[in-house]
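The values are calculated or read from the model by the stated rules, or taken from the named source; none is laboratory data. The shown structure was predicted, so the numbers you read here are calculated from the model rather than taken from an experiment. Cβ: placed from backbone, ideal geometry, glycine included. Neighbour counts: every protein chain shown. Heavy atoms of the whole protein, side chains included, go into the accessibility calculation; ligands, DNA and RNA do not. Shrake-Rupley method; radii C 1.70, N 1.55, O 1.52, S 1.80 Å.
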Amino acid sequence: MGRPVVRLEHVFAAGIRFDTEIQYLAQATKHLRYHKLPVLKSGSAQVCALTSVMQCVLILGPVPRSQLTLERKLMAQDVLGRAAHPGCSSVLRCVRALENLTGTHPLKSATTHNPVEMGETALDVLRSGGLCLLQFKSATASRWATVIGVEIEVQHDKDFAKALLLLDSHAGEPWACAHNVRIELKRSGARSQSAAIAFPLICRHLTGEASKVQLLNLITLKPAATNPQKRTDEPI
């Protein structure tokens with residue numbers, strides 16, 4: 001018998017494109033058009049968390065980026081709190097504040113903690129038109145990022161989540177790619193050192209950096225309702 005055929009596939013968030021910079025589809029005055037998604041490189045965990053929340057709200061709204069005025073961003077930042085490393089509750093408050101500020105109510109949130117469950121949950125959420133926010137940490141840092149996609153391994157008619165594909169504002173801005181960080185969901189190896197146990201997963205940047213990480217929280221964000229999008233003949 002021949003060896004089973006296995007292939008890798010990437011499942012990304014609905015309504016985005018990345019043939020150059022990352023853009024998302026949102027309602028303009030009379031028709032749908034693509035808008036640039038904010039990807040702000042920062043070393044601040046708080047700024048990364050706020051940027052990730054803004055990305056999710058804009059994509060799921062879907063609302064033009066112009067609705068997130070400076071005043072609204074400052075209000076959302078205030079709701080997020082002053083902690084150097086925002087936790088799950090403060091990020092959820094920021095999500096709720098921004099969805100109200102944009103005049104939409106598209107998000108429902110839940111959390112899970114197990115890495116395997118996180119991968120499967122993120123895949124289900126993406127396939128249903130939602131998005132996820134992931135909190136993870138290494139030995140030196142803790143931050144939030146948008147789960148913009150999931151890498152799956154497909155064998156026959158079965159598939160499973162192999163890696164989380166992140167849009168991380170702490171990493172370099174991607175070009176012609178939706179993600180800039182990839183976290184493998186399998187263990188890096190059977191090692192007994194305490195560091196390997198504490199940080200069992202490998203995190204790789206597209207620019208070549210790699211580290212071992214631990215997944216802390218996954219927040220799932222789902223549109224409350226899906227409205228049919230009207231097609232137009234106008235270019236987007």
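Conditions first: (1) open to solvent by 20 Å² or more (accessible area, probe 1.4 Å); (2) at pLDDT 90 or above. ASN227 passes all but one, so which condition is the exception? Condition (2) is where ASN227 drops out.
Regarding VAL95, is this residue of a type in the set (A, V, I, L, M), without any contact (Cβ under 8 Å) to a residue 40 or more places away in the chain and in contact with a Leu (Cβ under 9 Å, 6 or more places away or on another chain)?
no
Residues in region 148-169 that are surrounded by fewer than 21 Cβ atoms within 10 Å (Cβ to Cβ) and within 18 Å of the chain's Cα centre (by Cα): GLU151, ILE152, LYS162.
Do we find that SER66 is small (Gly, Ala, Ser) and either more than 19 Å from the chain's Cα centre (by Cα) or at pLDDT below 90 (or both) in this structure?
Working: small (Gly, Ala, Ser): yes; either more than 19 Å from the chain's Cα centre (by Cα) or at pLDDT below 90 (or both): yes.
Yes, satisfied.
Of all residues in region 3-14, none are within 17 Å of the chain's Cα centre (by Cα), surrounded by fewer than 19 Cβ atoms within 10 Å (Cβ to Cβ) and over 21 Å from GLU151 (Cα atoms).
The criterion of being without any contact (Cβ under 8 Å) to a residue 60 or more places away in the chain and open to solvent by 60 Å² or more (accessible area, probe 1.4 Å) holds for ASP78.
Within region 98-107, is even one residue crowded, with 20+ Cβ neighbours inside 10 Å, closer than 30 Å to LYS30 by Cα and hydrophobic (A, V, I, L, M, F, W, C)? Checked region 98-107: at least one residue is crowded, with 20+ Cβ neighbours inside 10 Å, closer than 30 Å to LYS30 by Cα and hydrophobic (A, V, I, L, M, F, W, C).
For the structure I just gave you, tell me whether HIS170 is modelled with pLDDT of 95 or more and at negative phi.
On the way: modelled with pLDDT of 95 or more: no; at negative phi: yes.
So HIS170 does not fit the description; no.
If you go through region 127-139 and keep only what is open to solvent by 10 Å² or more (accessible area, probe 1.4 Å) and either free of Cβ contacts under 8 Å to residues at least 12 places away in the same chain or in contact with a Phe, Trp or Tyr (Cβ under 9 Å, 6 or more places away or on another chain) (or both), you end up with GLN135, LYS137, SER138, ALA139.
Of the helices (runs of 4 or more DSSP H) lying entirely inside region 64-143, those containing at least 3 residues that are over 19 Å from LEU221 (Cβ atoms) are 70-80.
Examine region 35-50 for a residue that is surrounded by fewer than 16 Cβ atoms within 10 Å (Cβ to Cβ), part of a helix (DSSP H, G or I) and more than 16 Å from the chain's Cα centre (by Cα), and state whether such a residue exists. Talk me through it step by step, then tell me what you get.
Going residue by residue through region 35-50, those that are surrounded by fewer than 16 Cβ atoms within 10 Å (Cβ to Cβ) are 36, 40-44.
Subsequent filtering for residues that are part of a helix (DSSP H, G or I) retains none.
So far as region 35-50 goes, no, none of its residues is surrounded by fewer than 16 Cβ atoms within 10 Å (Cβ to Cβ), part of a helix (DSSP H, G or I) and more than 16 Å from the chain's Cα centre (by Cα).
Is at least one residue of region 165-177 part of a strand (DSSP E or B) and in contact (Cβ under 8 Å) with a residue 60 or more places away in the chain? Yes, there is a match, as at least one residue in region 165-177 is part of a strand (DSSP E or B) and in contact (Cβ under 8 Å) with a residue 60 or more places away in the chain.
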